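Below are the structure tokens for one structure; questions will follow.
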Amino acid sequence: MANRTVLVTGATGGLGTAVSAAFVAAGWRVVAPQRRQPDPLGGPEPNAPVRMVADLTDPTDVARVAEVAAGDPESPLRAVVNLVGGYASGGLVHETPVEDFERMLTLNLRPTHLVTRAALPHLISAGGGAVVCVAARAAVAPFSGVGGYVTAKAAVLGFAAAVAVEYKVAGVRCNTVLPSVIDTPTNRDAMPDADHTRWVDPAEIASVIRFLASDESAPTSGAAVPVYGRA
């Protein structure tokens, strides 16, 4: 039986599927909100992810998700993994419409903020826990043509650092992972001529995230962990 719950956003994506599987394999109860009606995944297994429909840019929906995640007294909410985000390339900063710039902030920062904010009281009441956010290597090593994306991921990094400082006395840790290019079908389709052997496998990142959410990493908070593979 699971004795703790993790809330995983973006759990149906290329990275999210691996993250959910890693926590299920470790015996966690996994709550996995998604935008569309869930497909019947996991079959009858008692430890299959709890899936629900929610818009994670909407505070009311997010509050409902947090209540479900914290709703099992036998498996208190002890971790949050913020995977929801998006990528878009474009022109230089002066060529990018402000609407496109703001869209990157909405996709990458708003769900991370709302989910973390809604979960924090539950983590505190459970005696502490961990928040893991996903930024990107671009947040610390920008490249041209993605100013909105770079800014949004840097904002995630700063937000996670603020959470780590503000909630350490309450026993809540917050760390961030910074992937390079993740080896997913979507990225392979977008970059068919790239050297995919240099990309990082989702399962490898999932192992790092599970570690950062577990008691094994209890002394670690406020870290920005590179998960670059060979890229």
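The values are calculated or read from the model by the stated rules, or taken from the named source; none is laboratory data. Note that the coordinates shown come from a computational prediction; the quantities given were computed from them, not determined experimentally. FYI the Cβ positions are ideal-geometry reconstructions off the backbone, even for glycines, and counts take in every protein chain you see. SASA here: full protein model, heavy atoms, side chains in, ligands and nucleic acids out. Shrake-Rupley method; radii C 1.70, N 1.55, O 1.52, S 1.80 Å.
Computing the accessible area with a 1.4 Å probe over protein heavy atoms, can you report the carbon and sulfur percentage for the chain?
Looking at the chain in its full context, I get 56 percent from C and S.
So if each residue of separation counts as 0.36 nm, and I subtract the Cα-Cα distance between D58 and E95, what length gain in nm does that give?
10.4 nm
Rolling a 1.4 angstrom probe over the protein heavy atoms, how many square angstrom per residue are accessible across the chain?
Per-residue accessible area for the chain comes out at 48 Å².
Can you compute the equivalent ellipsoid semi-axes for the chain, i.e. the square root of 5 times each eigenvalue of the Cα gyration tensor, sorted largest first and rounded to whole Å? Please report the intermediate quantities before stating the final value.
Details: eigenvalues 150, 77, 63 Å².
After scaling each eigenvalue by five and taking roots: 27, 20, 18 Å.
Now a separate question. What ranking do 18-31, 196-209 get when scored by the average of other Cβ atoms within 10 Å per residue, highest first?
For the peptides 18-31, 196-209, the packing ranking is 18-31, 196-209.
Which FRET efficiency value, to the nearest 0.05, is calculated for S125 and A223 with the Förster distance at 25 angstrom and r the Cβ-Cβ distance?
On the way: r = 25 Å, r/R0 = 0.99.
Result of the calculation: an efficiency of 0.50.
Give me a comma-separated list of calculated 3J(HN,Hα) values for the range 20-33, in order, Karplus coefficients 6.51, -1.76, 1.60 applied at θ = phi - 60°, integers in Hz, x for any Gly or Pro.
4, 4, 5, 6, 4, 4, 8, x, 7, 7, 10, 10, 10, x
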